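Undergrad: Please read through the structure below; I'll follow up with questions.
The values are calculated or read from the model by the stated rules, or taken from the named source; none is laboratory data. Everything numeric here is computed off the predicted structure, so don't read it as measured data. As a convention, Cβ positions derive from the backbone with ideal geometry for all residues, glycine included, and neighbour counts pool all protein chains shown. What goes into the accessible areas is simple: the full protein's heavy atoms, side chains included, and nothing from ligands, DNA or RNA. Shrake-Rupley method; radii C 1.70, N 1.55, O 1.52, S 1.80 Å.
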Amino acid sequence: MLKHIKTTIIIKIGCNQLEGNMKIQIDKSKKVPLYRQIAEQIQMQIASGEIPEGFQFPSERQLADALGVNRTTVLNAYKELKADGLMVSHVGRGTIAAKGGGDGVYKENYQKEPIWEYLYSDYLKNHDNFDVNKYLEIANQKNVISFAAGIASFEHLPFQAYEGLERELLSKQKELLVSPVTGFSSLRQAICSYMEKRSCFCKPSEIMVLSGSQQGIDLIARAFVNPGDVVIIEEPSFFPAIQSFRMAGAKLMAVPVEEDGMNMDILEHLMSRYQPKLIYTMPVYHNPSGVSMSMTKRIRLLELSGRYGVPVLEDDPYSELYYEGESITPLKSMDKSGYVIYLSTFSKTVSPGLRLGWMCAGKKLIHELANIRQLVDLHANCISQLIAERFIVSGQMEIYLESIRKEYRDRRDIMTDALRRYAPSGLSWNSPAGGYYLWCRLPRGLPAEKLASEAAKNGVAVLPGMPSFLVNAKGENYIRLNYTFPPKNKIAEGIRILCEVIKKLISKETEEVPVSNEINPIL
């Protein structure tokens, strides 16, 4: 973690009966520009009366020298304060505080919105500023073909999960008033039965029902990570996980994902050298790469986890969405020592609006996590819990999953066929055996964010690989394409438009490259 670089000065001035103090503290590690830090502190001190009307400020050069900043920084701060009517300059008198006392111009000035950036905590400063909402807003616009959202199809929602719901709600009014923090015991028992079919044997006391599996990542980050702790994560990886661990102050160590899962030699090297607190992995139909971890690597991961005493957080939202062969059982099914903490969700399989997931871990850990969870969220939505339970117990969930696998396989094939038909040279992609996504490598030199911007102008939304899925500052030439969300009859057209945009951008980049005999200045 970067240490804050702070500079503080106190200026005291006495003039006849007028006295005042000006205290300025700047923090060069903050994202707020230095001139804003100076201006905002002077603003607050004028409003409070610490700096009285007529107080003579030091010159720009004097204040810059005292703070160790460029004179232009102070000049800009003074300009902002003068524009707000908080200070004025007079020949022979210098720059002084204008009319004060909390009335007049000041009263009007302090009706403005708070300057939130100056008030934010160190916790928020760890946020990497990647805003997925701007891509989702594009995706939700009319006439936009969205490959950006990680959402299930709206065309094939399981309406059978909601049939008769009103009658059941009326008959269970008292039962649904409030849920335990870990979820209704009947739902936790249903989840245990469901997991048993996938070779994971657990008890209801080892299950916590979550408001989406992302809540589980956040709870684990809160429970395990202190600022500066090392967390090992795959590269690329699920961007909310990257953000959660970073905001907890973790130092992220990235292990490259290969065709059969993360590189185990690099993982072992990092574990032996840095003593990580946690390993985060998505071993089945990885988001965004689509790969699944081989049995050889699964065995080695569990062996390394036990040898070094490092828990593994297994995120498993997609393993039921397999399109070839048999389902892949969770890593948790192989765990004999309790090092694997398992997460899954109904949002990717049953309905995106259900916002319900679950965690499977040791009873003691579930108890501690429940204590943390109740500070911000007492329990998952009661009605969602009822829907999930009746969907599992009735057997309708198995029937629905079988039908949706066929639907998503068709959509995947439509997308890959369209790419083979329209893709320009240099564009490559995977064909995953399950899950939601294709992970596409763009032609060399084409930035993904530039492509995302241009594609949006042409009615197609995509999600760039950098900075969303990558821990390190590289990999700008990747995009993720979702084939489950867009209308089935729009997938091929969206790919055609996207490939046309790529071709135009490649052509433009080529035209802008200088010929070899030109001499360009070195700046």
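Undergrad: Let me confirm something: among VAL350, VAL376, which residue is in a loop (DSSP other than H, G, I, E, B), open to solvent by less than 10 Å² (accessible area, probe 1.4 Å) and of a type in the set (A, V, I, L, M)?
TA: Among VAL350, VAL376, only VAL350 is in a loop (DSSP other than H, G, I, E, B), open to solvent by less than 10 Å² (accessible area, probe 1.4 Å) and of a type in the set (A, V, I, L, M).
Undergrad: If you don't mind, another one. Condition first: polar (S, T, N, Q) and within 25 Å of LEU375 (Cα to Cα). Now tell me which residues in the range 190-208 satisfy that. Spell out how you get there, then give the answer.
TA: First, pick out the residues of the range 190-208 that are polar (S, T, N, Q): 193, 199, 205.
Matches in the range 190-208: SER205 only.
Undergrad: If I filter the range 282-302 for residues that are in contact with a Leu (Cβ under 6 Å, 6 or more places away or on another chain), modelled with pLDDT of 95 or more and open to solvent by 10 Å² or more (accessible area, probe 1.4 Å), do I get at least one hit?
TA: Checked the range 282-302: no residue is in contact with a Leu (Cβ under 6 Å, 6 or more places away or on another chain), modelled with pLDDT of 95 or more and open to solvent by 10 Å² or more (accessible area, probe 1.4 Å).
Residue by residue, here is whether (1) modelled with pLDDT of 65 or more; (2) part of a loop (DSSP other than H, G, I, E, B); (3) farther than 30 Å from VAL230 by Cβ holds:
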| site | (1), (2), (3) |
| --- | --- |
| THR8 | no, no, yes |
| ASN21 | yes, no, yes |
| GLN37 | yes, no, yes |
| ALA47 | yes, no, yes |
| ASP65 | yes, no, yes |
| ILE96 | yes, no, yes |
| GLY102 | no, yes, yes |
| TYR106 | no, no, yes |
| TYR118 | no, no, yes |
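Undergrad: Another question, then. Checking LEU427 against (1) open to solvent by 10 Å² or more (accessible area, probe 1.4 Å); (2) out of contact with any helix residue (DSSP H, G or I) (no Cβ under 7 Å at 6 or more places or on another chain), which single condition isn't satisfied?
TA: (2)
Undergrad: Starting from residues that are among the hydrophobic types (A, V, I, L, M, F, W, C) and in contact with a Phe, Trp or Tyr (Cβ under 8 Å, 6 or more places away or on another chain), keep the ones in the range 43-74 and report whichever is most open to solvent (accessible area, probe 1.4 Å).
TA: Per the stated criteria, the residue is ALA47.
Undergrad: Further question: Could you check the range 251-281 and list, in sequence order, the residues that are closer than 16 Å to ALA433 by Cα and open to solvent by less than 10 Å² (accessible area, probe 1.4 Å)?
TA: GLY261, the sole residue that qualifies.
Undergrad: Please identify the pairs in which a residue from the range 411-432 that is on the phi > 0 side of the Ramachandran plot has its Cβ atom under 9 Å from the Cβ atom of a residue that is basic (Lys, Arg) and open to solvent by 20 Å² or more (accessible area, probe 1.4 Å), counting only partners at least 6 apart or on another chain.
TA: From residues that are on the phi > 0 side of the Ramachandran plot, the pairs are GLY426/ARG441; GLY426/ARG444.
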